[in-house]
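A short write-up of the structure that comes next.
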Amino acid sequence: MKIAIIKERKNPPDKRVVLSPDACENLLHSFSNLEIKVESSDNRTFSDEEYQKKDVIVTDDVSGCDVMLGVKEVPINALVSNKKYFFFSHTIKKQSYNRDLLNAVLDKNIELYDHEVITDKNDVRLVAFGRYAGIVGAYNGIRTYGKKSISFNLPKAQTLHNQKELVKELKKILLPNIKIVLTGKGRVSNGAKEILDAMGIKEVGVEDYLNNNFNEAVYTQLDVLDYNTRKDNRVIDIYDFFDNPSEYKSNFMRFAMISDIYIAGHFYANGSPFIFTRNDAKSNDFHIQVVADISCDIDGPVASTIRSSTIADPIYGYDPVTEKEANYLTKGVIAVMAVDNLPNEIPKDASLAFGESFVKYVIPSFFNEDKDGILRRGRMTQNGKLTPRYSYLQDYIDGKD
């Protein structure tokens with residue numbers, strides 16, 4: 001089998017990679033019938049020379065390979081027909097901006113495996129950049145607060161080499177007695193929690209957070225039932241929320257009324273209630289000054305996220321009154337950090353961790369007849385059609401959804 005590590009072509013450029021030079025070397029030693037080629041790139045966090053030192057072939061033409069490994073969406077004109085592709089397609093939630101991409105994948109008879117749906121038998125994700133999105137997102141959230149409050153100025157994460165340097169910079173600042181609310185209990189949110197803990201910010205329970213004042217900065221981490229409640233006021237369990245999200249409504253406002261920073265690290269499923277709406281943000285009781293939306297669902301559950309931002313220009317303002325973008329330094333305007341490729345700010349750390357999981361779970365599936373069903377579950381398209389697991393996307397690709 002021939003695997004290619006393809007050049008990232010989406011703008012802004014992404015420095016991450018699925019397999020590091022060391023990962024390639026280990027795979028070549030482990031599987032005698034495996035060949036790996038790296039498409040030459042001057043933007044990747046690992047240089048062409050680093051791969052060549054590990055006896056990995058670097059070339060401008062990888063069209064002869066069977067499997068193409070990328071990170072971000074592949075531009076339509078760069079897709080090679082009749083291949084297997086792995087990348088984040090951003091289509092599983094029926095994102096309108098990538099409808100044409102999924103149609104092109106079908107037209108070109110490509111087998112698409114989206115990293116986001118590579119799971120175990122319990123549908124738990126096996127490969128993800130989420131932890132590093134959380135780490136960088138929390139750093140950027142604190143940095144945004146410093147700029148909004150004009151109280152301190154942290155360097156951009158992309159100018160630092162790794163997580164250790166992020167923490168080193170954060171430890172130089174002293175936060176006032178603000179309150180930080182963090183949503184989610186998965187990889188993303190726990191990555192953000194790593195940063196808050198490393199800063200020495202005190203974690204408090206939900207009731208303590210809601211009912212008490214503190215003489216130091218504190219944060220609380222919320223699970224879905226902490227900020228959602230059933231419309232009929234019954235209390236069941238978290239699985240009921242996942243099974244019946246439309247039966248719930250948000251009660252996040254009780255946190256929005258007393259929080260200074262909101263870090264959004266949750267997973268948002270179709271049918272779930274919005275966390276806070278545009279009308280919520282208009283309320284005089286809405287106190288949040290900074291939103292670090294790591295999840296970054298545009299016009300979704302976090303009303304202030306009206307667009308994604310970039311690593312080059314990570315902060316914009318949302319005016320709750322006009323519901324439009326405004327100068328984030330203006331009083332009453334929420335400062336929003338909604339970078340949609342956060343792990344790209346510390347690409348080496350993120351790539352190493354991602355590749356470790358990919359080597360452990362995905363590559364062996366090509367050689368063991370996919371005995372655990374990893375490839376079968378992650379295969380979105382085959383023979384020019386959606387696979388049964390992803391047939392719910394048919395209306396989407398037909399332009400009816």
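Bear in mind that the values in this text are calculations on the coordinates, not laboratory data. These figures come from a predicted structure and were not determined experimentally. Cβ: placed from backbone, ideal geometry, glycine included. Neighbour counts: every protein chain shown.
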* Whole-Å semi-axes of segment 208-284's equivalent ellipsoid, largest first, each the root of 5 times a Cα gyration tensor eigenvalue? -> 23, 15, 12
* Sequence-distant residues sharing a close amide H with residue 83 (under 5 Å, placed H) -> 111
* Which whole-number percent is the relative contact order of segment 206-311 (Cα, under 8 Å, 6+ apart)? -> 22
* Full-extension gain in nm, residue 149 to residue 383, via 0.36 nm per residue minus C-alpha separation -> 78.8 nm
* Compute the length gained on full extension between residue 158 and residue 60: take 0.36 nm times their separation in residues and subtract their Cα-Cα distance, giving the result in nm to one decimal. => 32.5 nm
* Asked: Are there trypsin sites (Lys or Arg not before Pro) in segment 312-368 that DSSP puts in a loop and that have at most 14 other Cβ atoms within 10 Å, and which ones?
  -> 331
* Within segment 193-227, find all residues whose amide N lies under 20 Å from a label point positioned 7 Å from the Cα of residue 125 along Cα-to-beta-carbon. => 193-196, 221-225
* Would you mind computing, in nm to one decimal, how far apart the modelled labels at residue 174 and residue 348 are, each placed 7 Å from Cα along Cα→Cβ? => 3.4
* **Folded to 0 to 90 degrees: helix 130-149 orientation relative to the chain principal axis, Cα** => 40
* To do: Using label points projected 7 Å from each Cα along Cα→Cβ, tell me how many nm separate residue 29 and residue 312, to one decimal.
  => 4.1
* Structure fact -> Straight-line reach check, residue 172, cutoff 20 Å on alpha carbons, 8 or more apart in-chain or any other chain, hits among lysines -> 147, 148, 156, 164, 193, 202
* Asked: By the gyration tensor of its Cα atoms, with a ≥ b ≥ c the square roots of the eigenvalues, what is the shape of segment 86-216: rounded for a/c under 1.5, prolate for a/b over b/c, or oblate?
  -> prolate
* Asked: Along the principal axes of its C-alpha atoms, what lengths does segment 1-143 span, in descending order and rounded to whole Å?
  -> 42, 39, 34
* Structure fact -> Place a point 7 Å from the Cα of residue 93 in the direction of its beta carbon; the residues of segment 175-216 whose amide N falls under 19 Å from it are 182-192
* Using a cut-off of 16 Å between alpha-carbon atoms, which lysines can reach residue 53, once sequence neighbours fewer than 8 places away in the same chain are excluded? -> 37
* To do: Starting from the exponent 0.38 and prefactor 2.2 Å, build the expected Rg for segment 295-401 from its residue count and divide its actual Cα Rg by it.
  => 1.55
* Asked: Taking only the alpha carbons of segment 130-340, what extent do you get along each of the three principal axes, in Å, biggest first?
  -> 48, 35, 32
* Relative contact order %, the chain, counting alpha carbon pairs below 8 Å whose residues are six or more apart -> 19
* Please give the peptides 302-314, 186-198 ranked by average Cβ packing (other Cβ atoms within 10 Å per residue), highest first, as a rough proxy for protection. => 186-198, 302-314
* Asked: Of all GluC sites (Glu not before Pro) in segment 1-70, which ones are in loop regions per DSSP and have a Cβ with at most 14 other Cβ atoms within 10 Å?
  -> none
* Over segment 130-340, what is the relative contact order in whole percent, taking alpha-carbon pairs under 8 Å and six or more residues apart? -> 20
* Structure fact -> A student asked for the Cα radius of gyration and Dmax of the chain in angstrom ought to give 21.9, 66
* Asked: Which parts of segment 227-267 would a label at residue 283 reach, counting a residue when its backbone N lies under 11 Å from a point 7 Å out along Cα-to-Cβ?
  -> 250-258
* Asked: So what's the back-of-envelope 222 nm ellipticity for the chain, counting only DSSP H runs of four-plus at -39500 (n - 2.57) apiece and dividing by all residues, rounded to 500?
  -> -7000 deg cm²/dmol
